[in-house]
Amino acid sequence: MSRIKQFYLQLKLRNKVLIISLISGLFPLLLLGIFGYNQIYQLLYEREQKVLEETMNQTILRLDNKINAYNNGLNYILLDHNLNTELSNIFTSNYQMYLFFRDTLNPLFYNSLALNRDLSGITLYTDIEINSHGNFLRPLSDIEHYDWFEKILQTTQPIHYVSENASAMNFAVELFTGVKDTRTIINLSVHYQALFDSLNKLFDDHYGIFVFDSNGKLLFDFQKNTETNESYLQPNEVLSTIQSEQFENNFVYKQGHIPSADWTTVLLRPVDSIYHSIKNITIIFFVVTLISVVLLFSLVYLFSRVIVRPLENLALNMQAINFENFTVTVKTNSDDEISTLISIFRTMVQRIEQLINEVYLSKIEKQEYALKALQAQINPHFFYNALSLINSKAILADQEEISLMTQYLSTFYRTTLNKGQDFITIDEEVQNVVSYLKIQHMMHDQSFDYYLNIDEAILNYQMPNLTLQPIVENSILHGLDHIENERRGLILIEGRIENDQIIFMISDNGQGMSREQLEIILTTETNGYGIRNVHNRIQLIYGNNHGLKYDSQLNQGTLAIVTLPLTNKY
């Protein structure tokens, strides 16, 4: 990004105008095109979902009707009075069995097969003592080893299973004959393709449909992809991946439920098929965009020449000033901003000589200011020497308090003056405040306590000199000195890093302030270097996000919060 910015800054103004104009023109054009493209895609996507939903509903309805028809055929056999009566009897001879086959079983089963051409066979499995009769009547032992046999015994509803060679879908249910200790199972076999034949013709191309039973086992799948002849998905992975983000990004799908069999169906189409539908629209969009770009470039180039040429002449005239050529040669007949700029430039050139003289005067004033600063540095040395002499005399006279006072004053003024520098380390600022507190502590006859809790991690950062001392002074003079009851005064100073900022909190248990006083404390002028000056100085240096905040309760105390940035750690 920085390289692009640097490249742009090095371009001529004409090229900059050309680039900005092209971007300004292309952006709405591309935005409109992309918006239109996305809207068309969204409409096609919603239409595809609606088509899938309608197709799914029709598919479920057809399958549900077929399954209900098979269940009705099964019930037709289950409820046949003659069959139930005959199976309740005990067959004592082959002739009696023959009559059962001829008069009851064969007519019933042949009639059921004739009524529904989808049926491939009907078999009655029983452990009643009776001879087998082709595929119509088989011993129960033929099916007892299958997994689905146990499921039949556990329910009164028909169960569905696929035959071993996957050629038939079977509907089986137990028939209760009334004969103790016997079991009879009726099994309807349906041609597999007859049941699912309609699912192979839902769309011309690019779709897949899957049918699962209530346990998630695949019963049927069909995927049509004439372009690559490859399957879109492995059938057994459909239910496990259908909720994934990748699946939803690649396919438009609908999931349905067949209530009569408790089956789940999934119908899907690849998203690529939607993109294929708008391929022609995409080509037209790019051709129109390319033509628009060429026209836009031509118009912008002519526009940039008209606008920039007077500015280029003005730039040449400005460069001539470096060689002390103060003659303005650039002219314009227009009455626009460029004309105003040229006029102002001409006026500015006329004032250059006058400004040069003012610069000379300014240099003289700076020299005088430097002399005053030197004098200001001489005075503190005299002051420190005087304090040192007093300290020595106090030590010789065994006056410890006077010695301490002179040491505190020396430290306080040394950090306050800070060799004329505007910034100081937090460590030195804290020393300044501690010295001031010790002086005030002695002056107040130790009538208040003070505590400091400064995080060592901030001590090497810089801050404006003389920031905390005026706040502490304000806490003593206007807070602790006006305590009306007999409680002992307390000042607490805390400093730490919080949200990448340095936070100081100076709190006291003094007189506090009313709401009216609190609202004007940062705007009221005071004698000397007051709170308002500290606040304004911080904001001038660091901006309005930093400075002082006050909170106070009358007769309870005051809290001052100083917010500073992390700057110049040594």
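The values are calculated or read from the model by the stated rules, or taken from the named source; none is laboratory data. This one's a predicted model, so the numbers in the text were calculated from it and none came from an experiment. Positions of Cβ are generated from backbone atoms using ideal geometry, with glycine treated the same way; all protein chains shown enter the neighbour counts. All accessible areas refer to the heavy atoms of the entire protein, side chains included, with ligands and DNA or RNA removed. Shrake-Rupley method; radii C 1.70, N 1.55, O 1.52, S 1.80 Å.
Side notes on the structure shown:
- With all protein chains modelled, accessible area of Thr558 [1.4 Å, Å²]: 20 Å²
- The heavy atoms of Ile395 present about 100 square angstrom of accessible area, all protein chains included, probe 1.4 Å.
- Charge-dipole axis of the chain as Lys and Arg at +1 and Asp and Glu at -1 on Cβ define it, positive-most pick from Ile60, Phe203, Phe100: Phe203
- Cβ crowding within 10 Å averaged over residues, with 288-300, 463-475, 69-81, 167-179 ranked highest first: 463-475, 167-179, 69-81, 288-300
- Phi to ³J(HN,Hα) by Karplus 6.51 cos²θ - 1.76 cosθ + 1.60 over the stretch 460-466, Hz, x for Gly, Pro: 8, 7, 9, 7, x, 5, 6
- All Cα pairs of the chain, percent lying beyond 38 Å: 69 percent
- The chain - mean residue ellipticity at 222 nm from DSSP helices (-39,500 (n - 2.57) per run, n ≥ 4, rounded to 500): -17500 deg cm²/dmol
- Relative contact order, percent, the chain [alpha-carbon distance under 8 Å, six or more residues apart]: 8 percent
- Ellipsoid equivalent to the stretch 2-71 - semi-axes via the Cα gyration tensor, in Å: 59, 12, 4
- What the phi angles of the stretch 255-270 give under the Karplus curve with 6.51, -1.76 and 1.60, with θ = phi - 60°, is a coupling list of 10, x, 10, 9, x, 5, 10, 6, 9, 10, 10, 10, 10, 9, 9, x Hz, glycine and proline written as x.
- Solvent-accessible surface of the chain, taken per residue with a 1.4 Å probe and all protein chains present: 61 Å².
- Principal-axis tilt of helix 468-478 within the chain, Cα atoms, nearest 10 degrees: 80 degrees
- Among Asp181, Asp127, the sequence by solvent-accessible area, most first, with a 1.4 Å probe is Asp181, Asp127.
- Residue ranking by accessible heavy-atom surface, 1.4 Å probe, largest first, among Ser273, Ser141 comes out as Ser141, Ser273.
- Cross-link check: pairs Lys50/Lys224; Lys180/Lys217; Lys66/Lys217; Lys50/Lys279 evaluated at a Cα-Cα cut-off of 32 Å; pairs beyond the cut-off: Lys180/Lys217.
- Estimated dipole of the stretch 86-205 in Debye, rounded to 20 [Cβ of Lys and Arg +1, of Asp and Glu -1, Cα centre]: 320 debye
- Bridgeable aspartates and glutamates around Lys549 (alpha carbons under 17 Å apart, same-chain partners fewer than 8 residues away excluded): Glu473, Glu494, Glu498, Asp508, Glu516, Glu519, Glu525.
- Whole-Hz ³J(HN,Hα) from phi, Karplus 6.51 cos²θ - 1.76 cosθ + 1.60, for the stretch 511-520, glycine and proline x: 5, x, 9, 7, 4, 5, 5, 5, 6, 10
- Ligands, DNA and RNA left out, the accessible area of the chain computed with a 1.4 Å probe is 53% carbon and sulfur.
- DSSP-assigned coil residues among trypsin sites (Lys or Arg not before Pro) in the stretch 127-188, each with at most 11 further Cβ atoms within 10 Å: Lys180
- Label zone at Thr340 (point 7 Å along Cα-to-Cβ), backbone N below 17 Å, the stretch 301-315: 311
- Taking the stretch 422-570 and dividing mean pair separation by its residue count, relative contact order in percent (alpha carbons under 8 Å, at least six apart): 25 percent
- Acute angle (nearest 10 degrees) that the helix 279-321 long axis makes with the longest principal axis of the chain, alpha-carbon atoms: 10 degrees
- For Arg515, the accessible area of its heavy atoms, probed at 1.4 Å with every protein chain present, is near 130 square angstrom.
- The peptide list 195-204, 421-430, 333-342, put in order of mean Cβ contacts within 10 Å with the highest first, becomes 421-430, 195-204, 333-342.
- The chain - charge dipole about Cα centre, Lys and Arg +1 at Cβ, Asp and Glu -1, debye rounded to 20: 2520 debye
- Farthest toward positive dipole pole in the stretch 434-570 [+1 Lys/Arg, -1 Asp/Glu at C-beta], among Tyr542, Tyr451, Leu492: Tyr542
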